[in-house]
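Okay, structure first, notes after.
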Amino acid sequence: MYLHSLSLDSLIKAYLEAIELELEEEFIELLLNELIRREILIDGLSEPTK
C-alpha cells in the first residue's frame, strides 16, 4: 500500500473515519503506523497497546 503518497489531510481523515466506521483493526493500525512514521499526533488518541 502506498500510504506515503497520501496527503497528510487525507491520511488523518482516513484514520478518523476508519475508527468511526469500526473498520478492521489491521487497517486502522496500518493508518496509525503511517501517522507515527510521519510523527503526527492527534489529540485524544494514543498508540494502541499490544
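Coordinate-derived values only; no laboratory data. Bear in mind the structure is a predicted one, so any value in this text is a computation, not a measurement. For neighbour counting, all protein chains shown are included, and Cβ atoms are generated from backbone atoms with ideal geometry for every residue, glycine included.
Karplus-derived 3J(HN,Hα) values for region 12-26, using 6.51 cos²θ - 1.76 cosθ + 1.60 with θ = phi - 60°, are 5, 4, 4, 4, 5, 5, 4, 5, 4, 7, 6, 6, 3, 4, 4 Hz; glycine and proline are entered as x. Between Ser5 and Glu25, what is the FRET efficiency for a Förster distance of 22 Å, r being their Cβ-Cβ separation, to the nearest 0.05? Approximately 0.40, to the nearest 0.05.
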